[in-house]
Protein chains: 2
Amino acid sequence: MIVMRTPKGWTGIKTLHGKTIEGNYLSHDIPAKDPFNDEEQFQAVCTWLESYKIGELLDENDAIKKELIDTYPKGDRAMGRNPRTSPDAYKLNHPDLASLVVQFDKSGDKLISPTEVGGLYLAELVKLNPSTFRVFSPDELESNKLDKVFNSTYRNFQWNEEMANRGGRVTEILSEHNCQGWMQGYTLTGRYALFPSYETFLGIITTMMIQYAKFIKLAGETNWRKKEPSLNYIQTSTLWRQEHNGYSHQDPMFSNNMVNMKHELMRIFYPPDANTFLYTISDCMSSLNRDNLIVGTKKEMPIFLNGPDAKAHFEAGLGVWKWLCTDDGATPDVVIVGCGNETNFEAVAAAHVLKQDFPELRVRFVNVIDIMVLDSQRKHPNSLTIEKYHEIFTEDKPVIFNFHGYPSLIHQLLFGKNHDNRVHVLGYIEEGTTTTPFDMLVRNKASRYDIMTLAIEKVTKSKPELASKGSSLIEKYRAEVKKHGEYIRKHGKDPKHLSTGKVSEIVDKDF
Amino acid sequence: MIVMRTPKGWTGIKTLHGKTIEGNYLSHDIPAKDPFNDEEQFQAVCTWLESYKIGELLDENDAIKKELIDTYPKGDRAMGRNPRTSPDAYKLNHPDLASLVVQFDKSGDKLISPTEVGGLYLAELVKLNPSTFRVFSPDELESNKLDKVFNSTYRNFQWNEEMANRGGRVTEILSEHNCQGWMQGYTLTGRYALFPSYETFLGIITTMMIQYAKFIKLAGETNWRKKEPSLNYIQTSTLWRQEHNGYSHQDPMFSNNMVNMKHELMRIFYPPDANTFLYTISDCMSSLNRDNLIVGTKKEMPIFLNGPDAKAHFEAGLGVWKWLCTDDGATPDVVIVGCGNETNFEAVAAAHVLKQDFPELRVRFVNVIDIMVLDSQRKHPNSLTIEKYHEIFTEDKPVIFNFHGYPSLIHQLLFGKNHDNRVHVLGYIEEGTTTTPFDMLVRNKASRYDIMTLAIEKVTKSKPELASKGSSLIEKYRAEVKKHGEYIRKHGKDPKHLSTGKVSEIVDKDF
């Protein structure tokens, strides 16, 4: 490394009206502010600019001399046009998803960590693309449960002679800035990359993500630049599961910042189980010129969708889960929407419990995996038309949307869609501490009880015949929340039936 | 400075099942994952935890020994309770705003830079609070036109013996992280601080702002902590005036991130002229336990409000500007809203031109200075009730909101207020480059022409009798935009009547 230290404003104006400019703060901004009216400033600017001897580079017509232009790289040798920097040169070989899909008997009754299945996918990806795919990770992949990738590769340690230069495709460094920079540089060579991180730590590189999003926007406006592989982020260890790290680690701001960039370039996915996680990561890895964020979890989650259903659900971006609906979702009184992992599970639990406790209240259940399809700007290939939006969310029924992150993100996407005072978005409202996962949901009013209570309150407004049963159920739920709170404070953990688990174990009559 | 380098996981578990733990990546996260079922892990954890000799600190009841508790600082000596760290000890002396207010004859016809007036206020503030107020600045105050503060203080240079330790209250360093850290530390001693910055550069310290917002939220929940002076940011050189720096410097994301924090602690102000800027900065400087962001401009802007009106407008957070309305704003067809500097000026221009071109189309003009009053969460002391919201924005007329930043910010604040598909938010939609200020507005569809065209389109839907005149005006405006574009490309600058200037010069019939 060579460190070169120069005076501030070096080779610029030396002094002006007796004041030192070069090497002084005065050389910042505009060192000579009024050359048109001040002769000394005019002369200083002339001397400065003439020192570059631009004239030597120009011909008699003040155009750049031909001999200089001839030194430019031509055609495919031009920077950004070289075919060796295009993904065409490094076609991605796709793992066979069918062999990785998790099999199960009944929706919601088998548990598995989505990132663990993702790790198996990555191991296959490395095998099939041994020199054109890299993982840049600021934290232990083990901690994110993506460590199955080590079935087929190594960490690329540099400090350990034994391990160095063995071709490991996983580069770990505890610097998100480095990971981002490396991912940008690597994908710009036409190769493929992934950056897994704790949710909150991606915040650190928000401005780098923004600047790169500006770059791909502009690059896409040229007619000579080829598309490059996307930037791919996986967020695990999200805000809902920070029972050890607490409030400082409860922060989903990265997704909000992505949504302010050009919508056609941005994708934010909330796969609700391991199989949808598989289809999501596969789509992201092979996409071009996008910023992809996958919000996953390393914790065990129930599997909801088999292979073909997961594929169809991912491709649509959202869908009705009939097995959680009253009469498969026909003519609902309320639409309950899940988006995320823990927040979707709470929505599932709410629909499941309401079906048993209050079958007269007709529920439709919707899961949203790709929030950009909700966007009113309609820049997404699968953006919902207003007709499709009404088909899924109805035209006038209350909608209770339990979202992974800040409700503001859904508010801004849905704004202008229709009469919005029937849509209630629950999510993270900056109530945090080191506590159990269920207590976090209660504190942020995003638990199954909040969903059920709100559903009953909103539906009974237009169906007074259900009001009496509704209010006694709300009383019952209030008592349960109180009892659970006492249990949590006493035992320091959640009652089992409130933890993310099998759907068949959501109701514990004996608790 | 002492640099101490220790092995990772130092003093923890040395080895486990033959693997090195201390000094290895395995000491991160949970080094022994299953001590309940694995005897070697259990022993390793015991040896590790016993090494802290906790028993020596406990009495026979496993409580902390009294002799240790007696060493705690008591009462006012406890950290965070010391009266010398409270603003009570350093009461802010307020400059007399009446003497700083800019006088003028007619609204919109005198030009002055808001930050220049702000600089005069800061000079007074330093004079009255010579040892309890500091400015931390990453960029030249001169570049932000706040340099009038040097009327009464100095830069606190450290590298220059002549200038060092002269008590200068302005600390400049080209590191936003440093400025943020210094401001946090200084205000936590009960003293007052200000951090002026280019708009885009505040993005760099977003996660620091977020962590501090979490801290003041939690600090406010204790019953023993006193309130501390607020963090105060001034953004100048905003995205609309980056004609030299371009797209990389066009980024209002900091404000969006503030709004996801607890609303009661956050304030974001868009003072539209120098006098409102004065009242805004004065309120921010004397506030406690808040994060205040003032979005200003260093460029010359027309003055709209005299002293008393500016004070009342600031306190209400928004208001109708009758002189720009048809019949003082009675029974409008459309509500035009300005928020920001350049974007407010465009809204002013749109209302002004429509009144002349299309007097049958009844306009009400509203300026919003404090966007948090729009917030549906109603955590702001002046939050609009739904009745007040309807009084200002009507219940059913189209509203065209020309906003300084991303429209998403207004979308999320207004969500759920009422039928939102009548509200059209214009603003920065990530279209940027190095170009003239007016061309920036055109590219982002936030110019006076966009406002006027949208107003005509929306109003004529329900007033077909105005449709014919409306469409010929839209044709005329389209032709003007085209002509202006040609002028801008030819001359590299905006036509004078399109630049921010006197309202009386907005219309140039001869152009």
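Between the listed residues A:Phe403, A:Leu354, A:Ala330, the Cα displaced farthest toward the positive end of the dipole of region A:322-418, a dipole computed from Cβ unit charges relative to the Cα centre, is found at A:Phe403. Per-peptide packing, taken as the mean over residues of other Cβ atoms within 10 Å, places B:234-241, B:220-227 in the sequence B:234-241, B:220-227 from highest down.
Treat the count of other C-beta atoms within 10 Å as a stand-in for reagent exposure and order A:Thr434, B:Thr435 from fewest to most.
Placing the least packed residue first, the sequence is A:Thr434, B:Thr435.
Remark: spin-label model distance B:Asp396-B:Asn61 equals 7.1 nm, labels positioned 7 Å along the Cα→Cβ axis. Within straight-line reach of B:Lys106, meaning a Cα separation under 24 Å, sit the following lysines at least 8 residues removed in sequence or on another chain: B:Lys298, B:Lys299, B:Lys311, B:Lys322, B:Lys355, B:Lys496, B:Lys502, B:Lys509.
Peptide A:403-415 shows a mean partner chain C-beta count of 5 within 10 Å per residue C-beta.
Annotation for A:Leu111, label-to-label distances across the other copies: 6.9 nm (shortest first, one decimal, point 7 Å from Cα along Cα→Cβ). Peptide A:129-137 has a mean of 0 when you count, residue by residue, the C-beta atoms of other protein chains within 10 Å of its C-beta. For the protein assembly as shown, the dipole from Cβ point charges (+1 on Lys and Arg, -1 on Asp and Glu) about the Cα centre works out to 280 debye, to the nearest 20.
Magnitude of the Cβ-charge dipole of region A:320-505, K/R +1 and D/E -1, about the Cα centre, nearest 20 debye?
320 debye
Total lysine pairs in region B:109-266 at Cα distances under 26 Å, for residues eight or more apart or on different chains: 13.
Taking the Cβ of each residue in A:Lys14, A:Lys19 as the centre, tally the other Cβ atoms inside 10 Å and list the residues starting with the fewest. Don't jump to the answer; show the numbers that get you there.
Numbers: A:Lys14 14, A:Lys19 10.
So the ranking, lowest neighbour count to highest, is A:Lys19, A:Lys14.
From most to least packed by mean Cβ count within 10 Å, the peptides B:148-158, B:476-486 give B:148-158, B:476-486. Placing +1 on the Cβ of every Lys and Arg and -1 on the Cβ of every Asp and Glu, with no other charges, gives chain A a dipole of roughly 600 debye about its Cα centre. Relative to its Kirkwood radius, the Cα radius of gyration of chain B gives an Rg/Rh of 1.08. Shape verdict for the protein assembly as shown, please, from the Cα gyration tensor: rounded (a/c under 1.5), prolate (a/b greater than b/c) or oblate. Cα axes put the protein assembly as shown in the rounded bin.
Close amide H partners of A:Asn260, meaning residues 5 or more places away or on another chain with modelled amide H under 5 Å apart, do not exist here. Using the rule -39500 (n - 2.57) for each DSSP H run of four or more residues, divided by the residues of chain A, the 222 nm mean residue ellipticity is -10000 deg cm²/dmol. Scoring B:45-52, B:268-275, B:376-383, A:131-138 by mean Cβ neighbours within 10 Å over their residues and listing the highest first yields B:268-275, A:131-138, B:376-383, B:45-52. Label separation (A:Lys106 vs B:Asn306): 7.9 nm, computed from points 7 Å beyond Cα along the C-beta direction.
Neighbour counts of C-beta atoms inside 10 Å place A:Asp439, A:Asp88, B:Asp510 in the sequence B:Asp510, A:Asp88, A:Asp439, starting with the fewest.
Report, in degrees rounded to the nearest 10, the 0 to 90 angle that the Cα long axis of helix A:467-491 makes with the longest principal axis of chain A. Value to nearest ten degrees: 70. Counting Cβ atoms of other protein chains within 10 Å of each Cβ in B:249-262 and taking the mean gives 4. Most simply put, the protein assembly as shown has about 25% antiparallel DSSP beta bridges, counting only bridges with both residues inside it. Here region B:359-429 and region B:284-334 have alpha carbon centers that stand 14 Å from each other. A dipole drawn for region B:320-505 from +1 and -1 charges on Cβ atoms has a positive end, and of B:Ile392, B:Pro495, B:Ala467 the residue lying farthest that way is B:Pro495.
Values quoted throughout were computed directly from the atomic coordinates according to the rules given, and no laboratory measurement underlies them. Here the structure is a predicted model, which is why all the values come from computation and not from measurement. Positions of Cβ are backbone-derived with ideal geometry, glycine not excepted, and every protein chain shown enters the neighbour counts.
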